[in-house]
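The values are calculated or read from the model by the stated rules, or taken from the named source; none is laboratory data. Quick caveat, the model's predicted, so the values are computed rather than measured. Quick reminder, even Gly has a Cβ in these numbers, built from the backbone with ideal geometry, and neighbours come from all protein chains shown. Heavy atoms of the whole protein, side chains included, go into the accessibility calculation; ligands, DNA and RNA do not. Shrake-Rupley method; radii C 1.70, N 1.55, O 1.52, S 1.80 Å.
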Amino acid sequence: MAEIIKITDRISYIKATEKPLSADVGIVEGDEFMWIFDIGADESVPMSLNKIQKPKNAVISHFHPDHMGNLEHAELENIYLGGNTFKYAKCGTVVEDDVFFDDGEKIHIFPLPSSHAKGSLGMEIGDYAFLGDATYSTMKQGRVCYNASVLKEEIAVLKKLSAKFFLISHDEKFIRQKEEIIGELEEIYNKRNPKESFIWI
Ligand SMILES: [Zn+2]
């Protein structure tokens, strides 16, 4: 059984694992639904989630298997994902603009421009925003990089969030300060060569 770690009365998570590679899974308790952010790939995750009595909605951050591998194994009412993720999942509702649900707490689902994966989504509840892998780089020609214009858009979206904490998948600390993450991304953006589309790390 996967351990569920509490952050606040309503927010908890299951920690990412490396073997098998499985992302952090966010669990938010609304009045009507449990809101699951990423479903992971470790088989212990759906076993733990399926024990929760409340109906569950899932938000999938992006298409990588460690974030959505368990989709078939979890009992879900609704699945929200980006257009690119839909191509892989072949199910669920595509989110292309900010969406708000009032479920005791305000649940805010938003598209997040990302070099790591096209069609990424984030989910914000009060002081916390789940970002999946969206702040990470990508690989091009065997080298680690960010797309400069996408990074600029991503920083703008992140700055507008009211959450004080960003929940970053696979990060050992998982709960990070908003300002710290934006500072790191701005430092990368400032390294860009204006003549190039990519920032090589
Ligand atoms: Zn990923």
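From the square roots a ≥ b ≥ c of the eigenvalues of the alpha-carbon gyration tensor of the range 89-201, which class results: rounded (a/c under 1.5), prolate (a/b over b/c), or oblate? Numbers along the way, then the final one.
Details: a/c = 1.99, a/b = 1.53, b/c = 1.30.
Because a/c hits 1.5 or more and a/b exceeds b/c, the range 89-201 counts as prolate.
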Checklist line | Ratio of Rg to Rh over the range 8-123 (Cα coordinates, Kirkwood Rh, two decimals) | finding: 0.93
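Counting only heavy atoms of the protein chains, get the accessible area per residue of the chain (1.4 Å probe) and round it to a whole Å² value.
Using a 1.4 Å probe on heavy atoms only, each residue of the chain averages 51 Å².
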Check: Taking the range 92-187, which trypsin sites (Lys or Arg not before Pro) meet the DSSP loop condition and have no more than 14 other C-beta atoms within 10 Å?
Finding: Lys164, Lys173
Checklist line | Local net charge near Leu131, Cβ-Cβ under 11 Å (Lys/Arg +1, Asp/Glu -1) | finding: -4
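So if each residue of separation counts as 0.36 nm, and I subtract the Cα-Cα distance between Lys118 and Glu196, what length gain in nm does that give?
Numbers: separation 78, 0.36 × 78 = 28.08 nm, distance 1.98 nm.
Difference between extended and current length: 26.1 nm.
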Margin query: Once you place label points 7 Å from the Cα toward the Cβ at Glu18 and Glu3, how far apart are they in nm?
Written below: 1.7 nm
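Which pairs, out of Lys6/Lys54; Lys19/Lys164; Lys87/Lys195, put more than 23 Å between their alpha-carbon atoms? Working shown, then result.
Working: Lys6/Lys54 17 Å; Lys19/Lys164 31 Å; Lys87/Lys195 33 Å.
With Cα atoms farther than 23 Å apart: Lys19/Lys164; Lys87/Lys195.
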Next item on the list: Taking the Cβ of Thr17 as the centre, find all other residues whose Cβ is under 12 Å away and add up their charges (Lys, Arg: +1; Asp, Glu: -1).
Entry: -4
Note to self: Given points 7 Å out from each Cα along the Cα-Cβ axis, report the Glu32 to Glu77 separation in nanometres with one decimal.
What the structure shows: 0.6 nm
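Among DSSP beta bridges whose residues both lie in the chain, state the antiparallel percentage, nearest 5.
Working: 32 of 45 bridges.
Close to 70 percent.
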Next item on the list: Considering only protein heavy atoms, with the full assembly of protein chains and a 1.4 angstrom probe, order Lys87, Lys56, Lys195 by accessible area, largest first.
Entry: Lys195, Lys87, Lys56
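Note down the net charge around His62, summing +1 for each Lys or Arg and -1 for each Asp or Glu among other residues with Cβ under 11 Å from its Cβ. Working shown, then result.
On the way: positive: Lys118; negative: Asp38, Asp66, Asp133.
Within the 11 Å Cβ shell, the charges total -2.
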Next item on the list: Mind pulling the angle between the C-alpha long axis of helix 148-160 and the longest principal axis of the chain? Nearest 10 degrees, somewhere in 0 to 90.
Entry: 50 degrees
Item checked: His64 - accessible surface, heavy atoms, 1.4 Å probe, Å² rounded to 10 -> 40 Å²
Item checked: Carbon/sulfur fraction of accessible area - the range 71-197, other protein chains in place, 1.4 Å, % -> 47 percent
Notebook entry, point to check: How big, in percent, is the set of alpha carbon pairs in the chain lying more than 32 Å apart?
Noted result: 12 percent
